[in-house]
C-alpha cells in the first residue's frame, strides 16, 4: 500500500466519521428518538437530557462525558463498566506516555538514516512506502542508532508496569467498595452448593441440605433452595408468555380497529398451522385466551412435578450474615473435594440453572474438552475458510452450479462477486464466532452468566491475536518467503525484518478504519434507530412490544474487549518499530473512552454485575500483549544484527515476575470476597424472605398460589416437619 | 560383578542380619536395657513388656508387631506414623502383586531365549553375569516375546494406580477421623495470622488484632497472642536451663560423695574459663546457684522487654469453636492478599517462632532462592566431591602435605587410605546433607516444624533419585561409552540397553545390603545402646540426664522416606527389565514394615503430629517413580527395536491424569481442615485458658509472676482497658 492510498483510506474514514457524528448530533435531539439514544436514563426514571430543555447544544454529550465521574458510571452502569473504563484509560495512559517519549526521540533518529534507500537498491522486489522512512526499517544494520530503540523498548515496558499496577490497585479498591456497600444484595447472602452426595433412606434432599448447614452454621443459616431441573417448566412458561404477548397484540389491534372504523371493529384472526401460514382460521383473541388457560393449568401441574420430583444434586443456601456466606464460599466443607462443593452464588439474573447440577469431575472434563476444541478452532481456523473460499470462486461456481451462469455473465455482478465471494465465508464465520465461543463456554458447565462471558472473551482474545495479528504478519512473510527461499535460504530473516514494517502500514489503516467507522456507527446508533422505527411502524402494537424494540442490551464485553486488546497488541508491537502508529492508538482509545462513556451513561443497560471480576483477565492479557511485544522486539533486534540484543532478555523475565506478583497480591480478592470487606455494617436488616424469593426462577413463580403454599412446595417441606 | 561375588555379598549381609537379630533377642530382654528398647512404652507409663513377665519369648516382638492394629500404631505413635505404614504396606502390595505376575510370566520367557549368547559373540568386551540370563537383556531384538514385557509393564502400572488410590482414600479417612476426635487439641482452636499492617496511632498491636477479629467473629473469638521476637530471651533461658542442669549434676555428685566417703563429702569444683578448662577454680554448687539467680533476674527483665517492645507483625488468634478456626484458616481476610494472612496454627511444639514474622513476599522470594540453591546442589553435587576426591588421592597428599609421607609409607595404612580416601569426602557430605537440607527448608520461612521436615524430605528424594539412581545408571553407561564411542557412534544406544541390566546386579546388591544391614542395625539399636551405657556409667548423675541419654527421638521421616523411595524407584524401574529384583524389593519393604512396626510401637517418640499431611508428598513421589519407570521402559523398548513401542505412550499420560485426579479429589482436605470434620462434638468444653497457655513458649513462661499479672504483660492489655 503506498502513501497516497493510505491517505485516501484515512480521509474516507474520517469523512464517514464526521458525517455520522453530525447525524448523531441532529437525530439524537429529536424527541421521538430519545428511547434509542437515552434508554438507560429513561429506564432509570430520569429525564433523557439533563435540565430537560429541548434546545440543547448538539455537542453537549462531549462535555457531559468528559465531566462525568467514575461514581456516575458506577451508579448508571455498574462496577463492571467502570472497570472497563479503567482499562481504557490505563491503556490510553500507556500509549500517551509512550508516545511522548517515542515520537520526538525515534522519528528524527529514523528519518535521518537511510537504510531504506540502500535496501531498495539491493532488493528491488520489496516495495517501501514513505512511511517506512520514519520506522526502524530505515536504520542500517548494526547501527549504534539502535541504542535509542533499545532504551525506548524499556521505557514502554516500564510505563506499562507502572500504570497497570496502579490500575490493579484502583480496581481492587473499586471492587472492595462495591462489596462493602451497605445495600442488601441477594448474592452476598447466598452460596451455591454443588455435588451433594446421595440422600440417605427416608431423608429428603431439602432435609439433607438443611441439617448439614444447620450443624455447621447454627446461628446464621436461614434456609435452602434445592435446584430443580427446569427444562420442561421453562419450555411451558416460555410458550405461555409467548401467547400472552400475542393476546395483548391481538387485543391492541382490535382496539385500534374499533377506534378507527365501525364501532364493533374487526376481530383479528390467525391460522393455527405452521408459522401462522396454513391451517384453520380462528379468532385470535379467543384462540389465544383458550391456549393461555390450557397452558396455565399445564404449567401449574408441571411446577408441582418439578419441585417434587426433579430435584437435582445442588442447592442454594441462604445465610443471614454476609461474613458467613463469604467465608462458607471459601471453605472446604467435605473431606472429599468432589462432594459438597460450596462456591459464591452468582446474582439471580445471571445464574445458569442448567449448569448447576453438573458433577465435579464432569465439569473438569468438559472444561478440558472445550479447551481442546477452542485450540483446534484457533489453529486450524483458516483451513475450512480457505476450503470454502476455494469452492466459491467464480470458476467453481460456474462448474458446479451451471444455472448461475447467466447471472455471472453480467459484468457488474461479476465484479462484485469476484471481490466479495472469497471473503463471504470468512465474514459469516467471524460473525458467528462470538456466539459459538459463548456456546462453548456455557457448555463448560460454568454456573454464572458473567463467568461465561469472561471465558468466551478470553477465547476470542486468543483467536484474534493468533489469527489476525500473527496471521497477517507471518502469513505475509511466509508468502513472500516461499518465492525467494529457493534462491537463498538465509534470506528468511531479512524478509521477516522487512515484512514487519511492511505490515505496519496495513495495521495503521486497520486501526484508523476501526476507530473512525466503528465508533462512528457506535455513537450514531444508525442500525438500532432504523430497526426501532421500522418495528414501531409495522409491528409493535403494545407498550411491551415497543419497549422490546428499543431495549438497548448491554455493552457487550465479550467481543468489545478482545477487539480493544487486538488494537493494543498491534500498537504495542509496532510502537518502537514504527512509532507513527502510536497517535492512531491514542486516538482509538481516546475516542473509544469518550463515545463509550456516553453510551454507558445513556444507552446500554448492564445485564449483570460481577463486581469487576473481569479485571484480572484484562490485566493478564495486557501483560500478555506486552510479552508478545517484548518477544517481537528481541527477534527484531536480532534481525537487525544488533550486538547488544541480549540486553533485552531481562524484559520478558521482568514481565513474568510482574504478572506473578500482581497475581499473588491481588487475584485472590477477585475470586473470593475478603471477609473484612463483607463484614461492613448494612443500612437495614436484610429481608431474608425477599432475598430467597429473588432466586426463584420466573417459570417457577406461581401467580395463583398463595405464597405460603408455594414455599411449602418449593421447600418440599419435610415429611417429618422437623425443618421449616 | 559376577554371580559368585553377588552371592558372597548377599550371604555376608544375611549373616550380619542374623547376628544382629539374635543379639537383639538376647539383649532386649535384659531389664537394664528396657529404656533403650521400650522407651515409647515407658514414657507412656506402660510396662516394657506386655503381661510384664520377664521370661518372655525372645521372638515375641514379631508376633506383637504382626498382630498390632493400625489403631495401636495411632495411639502409640500418632497419625503420621500410621500413614508411613500405609505407605510401606501399599508399596509392599504393589511389589507383591507385580511379582506374582511378573516372576512366573517373565522369567521363563527370558531364560529360554538366548540374546546374551549372541551378544557375547559379537561384542566380547561387555561382560554378562548369569543373572542377566533371567532379564530382558536375554531377549533378542525385535522378538515377539517382548509382548509379554509390554503387557507386564501395563500390569505394574495398573496395580500401582489401584493400590495408591485405595491408600489415598484410606489415609484421607484416617486424617478425617483424627481431626474429628472428640479430644481437645490446641491447634484446632487457633489460627496463625501473619503480615499484620501497621498499627494506627495510639493503638497497640494487641488492640489491633483483637478489634479486627472481634468484628469478624464476634461470638467465637477468644483472645489473641502477639508474636514476639524471642531470640534474646530464648538465649538467656537456654543459659539458665544449662546452669540448672549443671547445678543438679553438681549436687548429685556431692550427694554421692557424701554417701560414699566422709560424711561431709567433697564439694565439686569447676573452672570458670573456656570449656571449664582454664580460669579460676570455684565451688560448683555456689557458682551455679549464683549464676542462676543472676540469670533469673535477667530473664525476667528480658521477658518484660520482649513482651512489651519486641512485638512482631504476626499473632496467634484463638477461637472457642473448631469450625470457626478451620474456616478462618481458609478464608481471605483482607482485600490485599499480603495483609492479614490467616493460616492454620501448627501444634505448639512444632511452631517455628523465628519464621513467624517473615513478610509475605519475602517468604516467596526466600522459597525461590532456596529452590535454586537446591537445584544447583543436586545437579552439581558431584563436582565438589570429585574435586575433593582428586585432591585427597595419596599422590596429591604426599605432594601438598609432605609431613604425612612417613605415615603413608606404611603398607597397612596405605591400603586403607587408598581404599577409603576418595569416598571419605562423599561420606562426610552425604552425612551432612540431611541437616543442610533441613536448614535450607527452615530458611524458606515455613512456620511449622513438620512442614520443614516435609520440605526437606522432598528435596532429599530428588537428590537421591537424581544422584544415586540416574547417576549410577547413566554414569556407568557414559563411562563405557566414551571408550567405544570413537569407533562407532551408533553403539551408544546398544550400550545403554546393555548397561541397564548390567546396573541391575549392582542395585540388587545395594537393596540387599540396605535391608539386611540397615534394618538389622535399626532393630538391634546397637549404637544407641552403647552410647546409653557409656553415658550412664561416666556422665549421667541425675534422673533428667539419664532420661536424656536414652530418649529415642522420632522415626526420622525426613531421611527414612527418601531412602525407601529410592529403593522403590530402583525396584520399579527394573521390575520388568530384571524381575529377579522384585523379591528383594518385597523383602526390603516387608522387613521394613515388621521392624519399624516394632520400633514405632516401642521405641520412637513422635516429635510432632501433622495429621498425615505427609501423605500427598508420598503419593506424588510414588507416581513420580512410576513415571520414571514408564519413561525408562519406553526408552528400553525403543533400544530393543520393538516396533510396537508406541503402545506404551498412553501409560505416562494415564499416570499424569491419575495424579491430577487424585490431587483434585483429595489434596485440598490435606492442606485444610474440612468443615464437616471440624464440626464434630467435643468430649468436653474446651479449657480455653489452657489452650492459650500451651502456646506460650517456655522461655516466656514466668515461674514467679502470678498468672494474671503475666497475662496482662503478654496481652499488653490495652491502655484504654477496652479489650481484655
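Report whether or not residue A:197 is closer than 26 Å to residue A:446 by Cα and away from chain B (no Cβ under 14 Å).
no
Any residue in the stretch A:221-234 that is out of contact with any helix residue (DSSP H, G or I) (no Cβ under 8 Å at 6 or more places or on another chain) and at pLDDT 85 or above?
no
Looking at the stretch A:205-220 only, could you name the residues that are within 12 Å of chain B (Cβ to nearest Cβ) and either within 26 Å of the chain's Cα centre (by Cα) or within 29 Å of residue A:308 (Cβ to Cβ) (or both)? Spell out the reasoning first.
So the first thing to find is which residues in the stretch A:205-220 are within 12 Å of chain B (Cβ to nearest Cβ), and the list is A:211-220.
Once the filter is applied, which keeps residues that are within 12 Å of chain B (Cβ to nearest Cβ) and either within 26 Å of the chain's Cα centre (by Cα) or within 29 Å of residue A:308 (Cβ to Cβ) (or both), the stretch A:205-220 yields A:211, A:212, A:213, A:214, A:215, A:216, A:217, A:218, A:220.
Being surrounded by fewer than 21 Cβ atoms within 10 Å (Cβ to Cβ) and in a strand (DSSP E or B) is the filter here, so list the residues in the stretch B:312-343 that pass it.
B:312, B:313, B:341, B:343
Go through the stretch B:314-352 and give me each residue that's more than 7 Å from chain A (Cβ to nearest Cβ), more than 18 Å from residue B:679 (Cβ to Cβ) and out of contact with any strand residue (DSSP E or B) (no Cβ under 7 Å at 6 or more places or on another chain).
Passing the criteria: B:339, B:347, B:348, B:349.
Is there a residue in the stretch B:464-474 that is modelled with pLDDT under 75 and more than 30 Å from residue B:595 (Cβ to Cβ)?
yes
Under the condition of being over 16 Å from residue B:616 (Cβ atoms) and without any contact (Cβ under 8 Å) to a residue 60 or more places away in the chain, which residue from the stretch B:156-174 is nearest to the other protein chains (Cβ to nearest Cβ)?
Across the stretch B:156-174, the extreme among qualifying residues is B:162.
Scan the stretch A:190-197 and tell me whether some residue there is outside any helix (DSSP H, G or I) and either in contact with a helix residue (DSSP H, G or I) (Cβ under 6 Å, 6 or more places away or on another chain) or more than 28 Å from residue A:688 (Cβ to Cβ) (or both).
There is at least one residue in the stretch A:190-197 that is outside any helix (DSSP H, G or I) and either in contact with a helix residue (DSSP H, G or I) (Cβ under 6 Å, 6 or more places away or on another chain) or more than 28 Å from residue A:688 (Cβ to Cβ) (or both).
Please go through the stretch B:639-664 and pick out each residue that is at pLDDT 85 or above, buried (at least 19 other Cβ atoms within 10 Å of the Cβ) and not in a helix (DSSP H, G or I).
Selection gives nothing.
Name the single residue that is farthest from residue B:175 (Cα to Cα) among those in the stretch B:665-690 being facing chain A (nearest Cβ under 7 Å) and part of a loop (DSSP other than H, G, I, E, B).
B:679
Looking only at the stretch B:419-459, which residues are closer than 20 Å to residue B:510 by Cα and either touching a strand residue (DSSP E or B) at 6+ places or on another chain (Cβ under 8 Å) or modelled with pLDDT of 90 or more (or both)?
Those that are closer than 20 Å to residue B:510 by Cα and either touching a strand residue (DSSP E or B) at 6+ places or on another chain (Cβ under 8 Å) or modelled with pLDDT of 90 or more (or both): none in the stretch B:419-459.
Return yes when residue B:245 is without any contact (Cβ under 8 Å) to a residue 60 or more places away in the chain, more than 14 Å from chain A (Cβ to nearest Cβ) and part of a helix (DSSP H, G or I) and no when it is not.
Details: without any contact (Cβ under 8 Å) to a residue 60 or more places away in the chain: no; more than 14 Å from chain A (Cβ to nearest Cβ): yes; part of a helix (DSSP H, G or I): yes.
Taking the combined requirement at face value, the residue does not satisfy it.
Whether any residue in the stretch B:149-167 is in the same structural domain as residue B:325 (by TED's automatic domain parsing) and touching a helix residue (DSSP H, G or I) at 6+ places or on another chain (Cβ under 7 Å) is what I want to check.
no
I'm told residue B:202 meets every condition in (1) more than 11 Å from chain A (Cβ to nearest Cβ); (2) at pLDDT 90 or above except one. Can you identify the failing condition by its number?
(2)
Can you go through B:158, B:109 and tell me which one is part of a helix (DSSP H, G or I), modelled with pLDDT of 80 or more and loosely packed, with under 15 Cβ neighbours inside 10 Å?
Result: B:158 is the single residue among B:158, B:109 that is part of a helix (DSSP H, G or I), modelled with pLDDT of 80 or more and loosely packed, with under 15 Cβ neighbours inside 10 Å.
Quick one: count up the residues across the stretch B:520-541 that are crowded, with 17+ Cβ neighbours inside 10 Å and under 24 Å from residue B:244 (Cβ atoms).
3
Just give me the residues in the stretch A:204-228 being in a loop (DSSP other than H, G, I, E, B) and closer than 23 Å to residue A:690 by Cα, in sequence order.
Result: A:217, A:218, A:219, A:220.
So residue A:226 fits all but one of (1) surrounded by fewer than 16 Cβ atoms within 10 Å (Cβ to Cβ); (2) away from chain B (no Cβ under 14 Å); what number is the exception?
(1) is the only condition that residue A:226 fails.
The values are calculated or read from the model by the stated rules, or taken from the named source; none is laboratory data. Every value quoted in this text rests on a predicted model; they were computed, and no experiment measured them. Positions of Cβ are generated from backbone atoms using ideal geometry, with glycine treated the same way; all protein chains shown enter the neighbour counts.
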